[in-house]
Amino acid sequence: MANRPTLHDVIEARGRIAPYVWRTPLHHYLSLDKLLGAEVWVKHENHQRLGAFKMRGGINLLSQLSDEEKQRGVITASSGNHGQSIAYAAGELGISCIVCVPEGANAGKVASIESLGAQVIHHGPYFDITNEYAQRLAKEEGYRYVHAINEPMLIAGVGTYTLEILEDLPDVDYIIVPLGGGSGACGTCIVAKSINPDIKIIAVQGEGAQAAYQSWKTGELIEAPMESKAEGLATGKGYDLPMGILRELLDDFVLVSDEEMEQAIVLHLENTHNLTEHAGAASLAGALKIRDRLQGKKVALIMSGGNLSLEHLKDALANA
């Protein structure tokens, strides 16, 4: 298993990525306080450049590649936001980049990847098939393969948003974070538990794609079906690096339905006036399921991204 990143790695990553990413706001919403019976803050990674938290990790990883790796070029697989992150970092650092995406991937995210200068290859019905194809191309063509999840420096990079939360709200009681493969939740756990072990970290995944949840719960790397609109949370199996971190540091794990995430998308529109994708809304959906635990607490919700397609927005509004 790859080396586990530390708080020191996250602190170093913050300095490394500072020229490329924005410090995103942490806003308090009184209307969400009433909804949850808690003091509710939202970490707006949807305000990040490219509209999602992932780019923190891409810059941190690619900036540390050797000259030989940079010359070979990079290849990765992504359902969207990770691909944008790697494409952006590669463009900034002058590295050629291929991003493999599932057939039917979010068209807006694919267009963004292409506009950032990466070559996009559509392959396979879902992420894990796409990922296997990217690995095969890397071996055949000699590219530096970038795993979307099992990369310690991706985790260290995305962990920087939790440093910002704890600087802005040091007495936070709960941080609720969406979880697909686990890089964001791992970064949150590493930072928060290193600084204050009493902070509770709750992960939220879609019940239609719960491989990470089942892996965390059973202690084994589980493969599970994926039927979810939340492409940012849709991975079909657990991965060793994040699962090792999460089993040790994560306090709890909550599953939410697509309908609950759609409800949370609309609640965010009404209460925070922010557009979020399903994954970004999952933290609010999860908080609603455990609101009894949150009474009177200070709660930070991670709005991980805002790259929602118009089709999914229409569905969410129609189903509200």
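The values are calculated or read from the model by the stated rules, or taken from the named source; none is laboratory data. All values reported here derive from a predicted model rather than from experimental measurement. No Cβ is skipped: glycine too gets one built from the backbone with ideal geometry, and neighbour counts run over all protein chains shown. Areas reflect the complete protein model, heavy atoms only, side chains present, ligands, DNA and RNA absent. Shrake-Rupley method; radii C 1.70, N 1.55, O 1.52, S 1.80 Å.
Determine whether segment 136-156 contains at least one residue that is of a type in the set (Ser, Thr, Tyr), in a helix (DSSP H, G or I) and either open to solvent by 30 Å² or more (accessible area, probe 1.4 Å) or within 27 Å of Leu36 (Cα to Cα) (or both).
no
Go through the residues of segment 159-168 one by one and say whether even a single one is over 19 Å from Leu250 (Cα atoms), crowded, with 24+ Cβ neighbours inside 10 Å and touching a residue at least 12 places away in the same chain (Cβ under 8 Å).
Looking through segment 159-168, none of the residues is over 19 Å from Leu250 (Cα atoms), crowded, with 24+ Cβ neighbours inside 10 Å and touching a residue at least 12 places away in the same chain (Cβ under 8 Å).
Under 27 Å from Ser309 (Cβ atoms), open to solvent by 40 Å² or more (accessible area, probe 1.4 Å) and either outside any strand (DSSP E or B) or among the aliphatic types (A, V, I, L, M) (or both) - does that describe any residue in segment 191-209?
Looking through segment 191-209, at least one residue is under 27 Å from Ser309 (Cβ atoms), open to solvent by 40 Å² or more (accessible area, probe 1.4 Å) and either outside any strand (DSSP E or B) or among the aliphatic types (A, V, I, L, M) (or both).
Considering only segment 93-109, state which residues are surrounded by fewer than 19 Cβ atoms within 10 Å (Cβ to Cβ) and either touching a strand residue (DSSP E or B) at 6+ places or on another chain (Cβ under 7 Å) or at pLDDT below 95 (or both).
Answer for segment 93-109, where residues must be surrounded by fewer than 19 Cβ atoms within 10 Å (Cβ to Cβ) and either touching a strand residue (DSSP E or B) at 6+ places or on another chain (Cβ under 7 Å) or at pLDDT below 95 (or both): Glu103, Gly104, Ala107, Gly108.
Determine whether Arg72 is among the basic types (Lys, Arg) and open to solvent by less than 50 Å² (accessible area, probe 1.4 Å).
When the stated conditions are applied, Arg72 does not pass them.
Would you please list the contacts, defined by Cβ atoms under 6 Å and residues six or more apart or on different chains, that run from a residue in segment 50-74 that is within 11 Å of Ala89 (Cα to Cα) and hydroxyl-bearing (Ser, Thr, Tyr) to a residue that is at pLDDT below 95 and surrounded by fewer than 18 Cβ atoms within 10 Å (Cβ to Cβ)?
So the pair list comes out empty.
Return the only residue of Ala279, Ala285, Ala320, Ala316 being open to solvent by less than 70 Å² (accessible area, probe 1.4 Å) and without any contact (Cβ under 8 Å) to a residue 60 or more places away in the chain.
So the residue among Ala279, Ala285, Ala320, Ala316 that is open to solvent by less than 70 Å² (accessible area, probe 1.4 Å) and without any contact (Cβ under 8 Å) to a residue 60 or more places away in the chain is Ala316.
Counting residues that are under 15 Å from the mean Cα position of the chain (by Cα) and closer than 17 Å to Pro152 by Cα, which helices (runs of 4 or more DSSP H) fully inside segment 26-110 reach at least 2?
Output list reads 55-62, 81-93.
For Thr162, state whether it is part of a loop (DSSP other than H, G, I, E, B), of a type in the set (Val, Ile, Thr) and within 25 Å of Asp9 (Cβ to Cβ).
Taking the combined requirement at face value, the residue does not satisfy it.
Starting from segment 30-45, keep only residues that are without any contact (Cβ under 8 Å) to a residue 60 or more places away in the chain, then list their pairs with residues that are assigned to a strand (DSSP E or B) and open to solvent by less than 30 Å² (accessible area, probe 1.4 Å) whose Cβ atoms are within a distance under 8 Å, requiring at least 6 positions of separation or different chains.
Final answer for the pair search is Asp33/Val40.
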